[in-house]
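Working notes, beginning with the structure itself.
The values are calculated or read from the model by the stated rules, or taken from the named source; none is laboratory data. Quick caveat: nothing in here was measured; it's all calculated off a predicted structure. As a convention, Cβ positions derive from the backbone with ideal geometry for all residues, glycine included, and neighbour counts pool all protein chains shown.
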Amino acid sequence: MKKIVSSSDAPKAIGPYSQAVCFKDLVFTSGQLPLIPETMNFPSSCVKEQTRESLTNLKVVLEKGGSSLKSVLKTTCFLVDMDDFAAFNEVYTEFFGTEGAPARSCFAVAKLPKGALVEIEAIAFVERP
């Protein structure tokens, strides 16, 4: 049976979707935009700051679902400009490191909701004692 994940510490959904859905021992997140939850605005127009905010939002949603960044199996990342790839990777490495980082796909897209520069989604597992 699936369980819907919702945290007030992450941005509200801006469409007909859940922040995440848990099924058995897996957590599937929706794409996390770099929106500051309190204001629903971007931190800036800097890809590094937007990446940091997206990953912070991802962390919050995963934790609400009973998981964590260290339990992420796969991420899918969307960038508006592939020229931002190196800057994106710099911040991504702060959160996931390089050794044992999750599998990942990264795509350049024409446009993201609300004019974001980055969006990140993940699949993670829930560690059981």
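Of note:
- Top-ranked residue in region 46-66 [being hydroxyl-bearing (Ser, Thr, Tyr) and out of contact with any helix residue (DSSP H, G or I) (no Cβ under 8 Å at 6 or more places or on another chain); ranked as nearest to Ser7 (Cα to Cα)]: Thr56
- Positions within region 19-42 being without any contact (Cβ under 8 Å) to a residue 24 or more places away in the chain and either crowded, with 16+ Cβ neighbours inside 10 Å or among the acidic types (Asp, Glu) (or both), in sequence order: Val21, Glu38
- Scanning region 1-60 for residues that are closer than 20 Å to Lys114 by Cα and charged (D, E, K, R) yields Asp9, Lys12, Glu38, Lys48, Glu49, Arg52, Glu53.
- Taken over region 73-129, residues that are within 17 Å of Ser45 (Cα to Cα), surrounded by fewer than 18 Cβ atoms within 10 Å (Cβ to Cβ) and acidic (Asp, Glu) amount to 3.
- Single residue of region 88-117 satisfying the filter (in contact with a helix residue (DSSP H, G or I) (Cβ under 9 Å, 6 or more places away or on another chain) and under 20 Å from Val27 (Cβ atoms)) that is modelled with the lowest pLDDT: Gly100
- Elements of the type strands (runs of 3 or more DSSP E) sitting completely within region 1-118 and holding at least 2 residues that are β-branched (Val, Ile, Thr) and under 14 Å from the mean Cα position of the chain (by Cα): these cover 26-29, 72-79.
- Filtering region 43-72 to residues that are surrounded by fewer than 24 Cβ atoms within 10 Å (Cβ to Cβ), touching a Phe, Trp or Tyr at 6+ places or on another chain (Cβ under 7 Å) and hydroxyl-bearing (Ser, Thr, Tyr) leaves only Ser71.
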